[in-house]
Amino acid sequence: MQKRFIKGIKILITIYLLGGMALYFLQDYILFHPISLKRNLRFDFSEPHTDITIPVNDKDTISLVDFHPKGKENKGVVLYFHGNKKNISWYTKYIPYFTRHGYQVLMIDYPGFGKSRGKLTEEKLYNWALQVYKVAHKRFSADSIIIYGKSMGTGIAAQLASIRDCKRLILETPYYDFPSVVSHYLPFYPVKWMLHYQLPTSDYIQLVSAPITIFHGTKDWVVSYRNTLRLEKYLKPGDEVITIPKGHHNNLYKYDLTVNKLDSILSL
C-alpha cells in the first residue's frame, strides 16, 4: 500500500512538473492564437479603409488598417486593440459601431498576427501601441482620440492611456493582469513568476486621467467578471462599469445595453 502511495505521489509530481514546464516554455502558444497572412495580401473589407505598413527594423513590421466613416466628417479616431486570436479580419465586424458616428478606426495587428512581423514581447506590444498613437496624433488632437481595448487588448490600451492623453479609455472584458487570468485555470502554479507577460491593467488604470468606461458580462468564462470587480476599486469619480447581465466574452454587442451606451459615448 505504501509503495503504491509513493508511486502515485511521484506520478502526480511528474505531471505537475511537466505541466509547469509546458506552461513556461510553450506559453506563447497557449496564450496567443494568431493567424498570419502574406505580406502582399490586400485586405478586402466592406468598410472604406487604407492599409498601413510601418517598418520598424529588419525583422519587425507593423500592419494596421485605417477604417474611414462613410460620407461623414471625421469626428475623431478610435485606436482599437483587439484580442488574442486570429487577426484584424476577425474584428472588423465591430468597425461600423464606431464609423457610423463619424469616427475613424485604427486597428493594429500584434507581432505574428496578420501581416505584422516580429517576435511578440510585452515591451513590443506597448511600443507598437505608441506608434499607432503617434500616427493618429498627426491628424487628431488628444481630445479627439479614443483608446479602446478588447480582452487581451485591454492591458495594452490601459498602458497607452496611462502615458498619453486621450478623450476616453474604453475597456471591453478587461483583466486585472495576465497572471490573474491564467491562475483562474491553473490555480496550483505560481503563474505570476512563470509568465513572460504581466500586462497589469490594475496598475495602469490608476494613472489614466481620461474618463474610463468598462464593459463586462457576468457570464464571461474566458476573463471572469471578477477581474472587473477587482479593477473597480481603482476607478476615479466619473469612471463607470457597465455590467451586462448574462453577457459572455464575445457577445456583448448583442445586448442593447452595450450598444446604446457606446452610442451615447460616441455621440458626445
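The values are calculated or read from the model by the stated rules, or taken from the named source; none is laboratory data. None of these values were measured; they are calculated from a predicted model. Here Cβ is always computed from backbone atoms with ideal geometry, including for glycine, and neighbour counts include all displayed protein chains.
Data table
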{"read-out": "Residue check for Ile95: under 19 Å from Leu171 (Cα atoms) and buried (at least 22 other Cβ atoms within 10 Å of the Cβ)", "value": "yes"}
{"read-out": "Residue in segment 230-245 that is out of contact with any His (no Cβ under 6 Å at 6 or more places or on another chain) and under 21 Å from Lys85 (Cα atoms) present", "value": "no"}
{"read-out": "Listing of helices (runs of 4 or more DSSP H) fully contained in segment 182-241 that carry 3 or more residues being in contact (Cβ under 8 Å) with a residue 40 or more places away in the chain", "value": "201-205, 226-231"}
{"read-out": "Some residue of segment 41-49 being of a type outside the set (S, T, N, Q), free of Cβ contacts under 8 Å to residues at least 12 places away in the same chain and more than 19 Å from Gly155 (Cβ to Cβ)", "value": "yes"}
{"read-out": "Subset of segment 49-74 [under 23 Å from the mean Cα position of the chain (by Cα) and small (Gly, Ala, Ser)]", "value": "Ser63"}
{"read-out": "Unmet criterion (only one of (1) more than 14 Å from the chain's Cα centre (by Cα); (2) small (Gly, Ala, Ser); (3) buried (at least 18 other Cβ atoms within 10 Å of the Cβ)) for Gly155", "value": "(1)"}
{"read-out": "Set Tyr185, Tyr189: member being hydroxyl-bearing (Ser, Thr, Tyr), over 24 Å from Trp128 (Cα atoms), surrounded by 18 or more Cβ atoms within 10 Å (Cβ to Cβ) and at pLDDT below 95", "value": "Tyr189"}
{"read-out": "Subset tally (residues that are under 20 Å from the mean Cα position of the chain (by Cα) and either surrounded by 12 or more Cβ atoms within 10 Å (Cβ to Cβ) or among the aliphatic types (A, V, I, L, M) (or both)) for segment 18-32", "value": "5"}
